[in-house]
1. If you check residue B:554 against the conditions, is it modelled with pLDDT of 95 or more and touching a helix residue (DSSP H, G or I) at 6+ places or on another chain (Cβ under 9 Å)?
2. In the stretch A:1-111, which helices (runs of 4 or more DSSP H) lie fully inside it and hold 3 or more residues that are more than 11 Å from chain B (Cβ to nearest Cβ)?
3. Part of a loop (DSSP other than H, G, I, E, B) and under 25 Å from residue B:167 (Cα atoms): does that describe residue B:547?
4. I'd like to check something: does the stretch B:520-539 contain any residue that is surrounded by fewer than 15 Cβ atoms within 10 Å (Cβ to Cβ), more than 17 Å from residue A:111 (Cα to Cα), within 14 Å of another protein chain (Cβ to nearest Cβ) and more than 11 Å from the chain's Cα centre (by Cα)?
5. For the list (1) in contact (Cβ under 8 Å) with a residue 40 or more places away in the chain; (2) touching a strand residue (DSSP E or B) at 6+ places or on another chain (Cβ under 6 Å), I need the number of the one condition that residue A:86 fails.
6. Within the stretch B:589-604, can one find any residue that is buried (at least 17 other Cβ atoms within 10 Å of the Cβ), part of a helix (DSSP H, G or I) and under 30 Å from the mean Cα position of the chain (by Cα)?
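The values are calculated or read from the model by the stated rules, or taken from the named source; none is laboratory data. These numbers were taken from a predicted model, which means no experiment stands behind them. In this analysis, Cβ positions are derived from the backbone assuming ideal geometry, glycine residues included, and neighbour counts consider all displayed protein chains.
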């Protein structure tokens, strides 16, 4: 894939830590690649595995999921359920022929604006290297 | 009151794109954005305006709701974490259910993080389109209500906790003040004089401490620790542990005989920054409140070696209880104020500035004790060898404003360094040097104090001390036992080697030990410097993102005593706002079971962290308790039958948002 390939990435961020961290990146005027577009959810535990499949089906090249650090979850334990679900989803994706690396899971606190900017940049580069080969995408959307 | 409709196809959406001055409009083509949104399905009106949050901006929305019969509103502006309540209120005033308003974050997560105008505009288009599509599927919700218990838990009994406790208690509400040490007072009790007025710290603090102890509305829980916090605003359930003191406070008269008779004499005193000793049964300082000793079981002969009991023998009222045990009790409170303060960062890491390498290098707090009449030297400023110092170097910004340690400014050091210079000139004949980067004398009367000290003969060196060395041949005039402060005098561009025989390090303030546990227990975030993060740096400086939990004092960031007291009163007022009203709105974004699809498998019951779901045995269906449910949605994502939905974040709403995000304009 060419250097100019701009991957489409959806980020599911929990409201309390990761979304606040993403806001902090803005307040600190850091630069974050425009490839990532964010869906705010109350908790990473809210993320239904179908959200990720739906995003891929709609033509996303990668999905980032982020919740509070272990022990910091605003809802006590939602982030741990999210992490476990993600592990299963990765295996399933591998089985249907989507590189599991297209899904990135990370813990991000409200204070980690700088880390957010870096992680998004790295993930975009990683997905850019993988290119647009998404067998799950609905006909007509991935072009 | 709501004229909302929930079926798609009938949605009438109004889109409002905010310029935020140039914050958004500088990077995003707002005119194009508004124009394109006008063409989106369901959009009746699409406008852009300079400041949507201003009065005219809000008025426009209200007017359009009436004029165009809008039943959905999308405001493309800053983060919902910022102005969601503002626009929800505006919609409610116009008769629209506030939950039919959505914000599209095109500032923090778009214009501010993107450089290229085309990229930013395209991203904003996607964000707003996604929000419009989700908006069409939003449903009106009614917030529930819950009672607020008229009581506050205050964690930490320093000056912040004391001030907040007195304010609230005076207003007639109950306060439970928890302090982990055996006396309230905090770091302020350790200080000698306070800048810039040079009031004696104890003289202004101890009357307040006594007031706390005597106030009928304050329950003072010293030597207690908060172990667990459950529930939410209005009804927090708090477990506090009373640590065994081995002294029955009801019987103890505070005579102090036990303290003088205790054969263990050599325990380093925490209160005196380990520069003096205390016995195993002790009070922290003579004016301690309550003035009752505790037994330090780690050092007490009775507990270490299994025999002694001298204190028990000499205690006339029989107040010593050797078999005392920790006990845990539960409090119910409506609000919580966190006032856990600060700790100095570990000075052991400052070897380059001589700490731990030379005997006469002190932290700011150690030097406070050295100046204090109740301190280890009874207020005489002397070196470890008992001699008065001949030359003292006060080194500013040790650990603060330093990429290697803390990036933040500790705010109080400039002023207490000036105070130290004043006290040194007053009490000794020593030459005094201040090595500083910038002199930050920001408060009322501070600059004046700076000038006063300048004219008292203190020498100011504008340059941070790089290191502290033993004298070499280069320092011919320096006494052999002196220390050499190496610093660049930046006004002269000259490297100085200043011989001194005493050094005070203006050591950085960091978050208190245990801040991490408190943050996890109360689910309040911390900022990059490790201190607790306020809800908004300017407009909500005492609130936290967790409703009903407030911050007071240095647990939120370094500050001096006047600022701490002001913030403590602020947090007390904020807490009383909830208690005075007596009830609180509960976010209606909670889980809802569709019984016709529920198979009663119980997975949701297992994953719920709040025990908010039960299987109704009669109907054999899961039921969510809407007041206990916090709306995380973990049960929703777990339900295999898709029988639960999270209101305001339903699957369908999110799918439509996703489709909008990944649509045309990428």
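1. Working: modelled with pLDDT of 95 or more: yes; touching a helix residue (DSSP H, G or I) at 6+ places or on another chain (Cβ under 9 Å): yes.
Yes.
2. Filter on the stretch A:1-111 gives A:78-96.
3. yes
4. yes
5. (1)
6. No: the stretch B:589-604 contains no residue that is buried (at least 17 other Cβ atoms within 10 Å of the Cβ), part of a helix (DSSP H, G or I) and under 30 Å from the mean Cα position of the chain (by Cα).
A quick yes/no check of all residues on (1) outside any strand (DSSP E or B); (2) closer than 24 Å to residue B:359 by Cβ:
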position: B:419; (1), (2): yes, yes
position: B:432; (1), (2): no, yes
position: B:444; (1), (2): yes, no
position: B:449; (1), (2): yes, no
position: B:452; (1), (2): yes, no
position: B:460; (1), (2): no, no
position: B:485; (1), (2): no, yes
position: B:519; (1), (2): yes, no
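Let's see how each residue does on (1) under 27 Å from residue A:25 (Cβ atoms); (2) at pLDDT below 95:
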| site | (1), (2) |
| --- | --- |
| B:7 | no, yes |
| B:10 | no, yes |
| B:13 | no, no |
| B:29 | yes, no |
| B:34 | yes, no |
| B:52 | yes, no |
| B:59 | no, no |
| B:62 | no, no |
| B:92 | no, no |
